[in-house]
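Each remark here refers to the structure printed beneath this line.
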Amino acid sequence: MGDQSTTTDHPHYMYAPLRVNPVVELLAGIAATVAPPIAVLLLVRASVTGRLARGWWMVIAAITTATTLVGYTYRVVTAGVDPEGVDITAGILLLYCYVLIPALLLTAVVAAVRLLRSPRRSG
């Protein structure tokens, strides 16, 4: 495992990755693999039975997209690069994410507030 993004013995990092205990990393990986399918099944079930209004899918999609961008951005900015190389991808990604992530979260909040204020659509 570990960082496999470099071809050098002494990579440079935009941000150094967090050091995580291997056991904690394994448990987090297992949880991250098992939890999403279970959550999707529960959400689809609630939607089919009418306990979850359709409007909440927009909130779920916006939050899921924002958190996926956070994880992907973290991976890119903590990747080791060759000392002579510059990882411009990380800088460009950060510029986009500074706009996209707050916009997605604002979309989720606005949609959730509108759903909660409308009793017939709140599910």
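The values are calculated or read from the model by the stated rules, or taken from the named source; none is laboratory data. Remember, predicted model here, so these are calculated numbers, not experimental data. Neighbour counts are summed over all protein chains in view; Cβ atoms, including those assigned to glycine, are modelled from backbone coordinates with ideal geometry.
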The residue that is modelled with the highest pLDDT, considering only those in region 36-84 that are surrounded by 13 or more Cβ atoms within 10 Å (Cβ to Cβ), touching a strand residue (DSSP E or B) at 6+ places or on another chain (Cβ under 8 Å) and of a type outside the set (A, V, I, L, M), is 80
Quick test of your reading of the structure: residue 69 fulfils all but one of (1) of a type in the set (A, V, I, L, M); (2) farther than 30 Å from residue 16 by Cβ; (3) in contact (Cβ under 8 Å) with a residue 12 or more places away in the chain; (4) not in a loop (DSSP other than H, G, I, E, B). Name the failing condition by number. (2)
Within region 98-123, can you find the residues that are exposed (fewer than 14 other Cβ atoms within 10 Å of the Cβ) and either modelled with pLDDT of 80 or more or more than 22 Å from residue 55 (Cβ to Cβ) (or both)? 98, 99, 102, 103, 106, 109, 110, 113, 116, 117, 118
Select from region 19-33 the residues that are closer than 19 Å to residue 74 by Cα, β-branched (Val, Ile, Thr) and not in a loop (DSSP other than H, G, I, E, B) and list them in ascending order. 24, 33
Criterion first (outside any loop (DSSP other than H, G, I, E, B) and touching an Asp or Glu at 6+ places or on another chain (Cβ under 9 Å)) does residue 59 satisfy it? no
Considering only residues that are closer than 18 Å to residue 17 by Cβ and not small (Gly, Ala, Ser), look in region 85-97 and name the one that is modelled with the lowest pLDDT. 87
Being free of Cβ contacts under 8 Å to residues at least 12 places away in the same chain and of a type in the set (Gly, Ala, Ser) is the filter; apply it to region 100-121 and report the residue that is nearest to residue 64 (Cα to Cα). 103
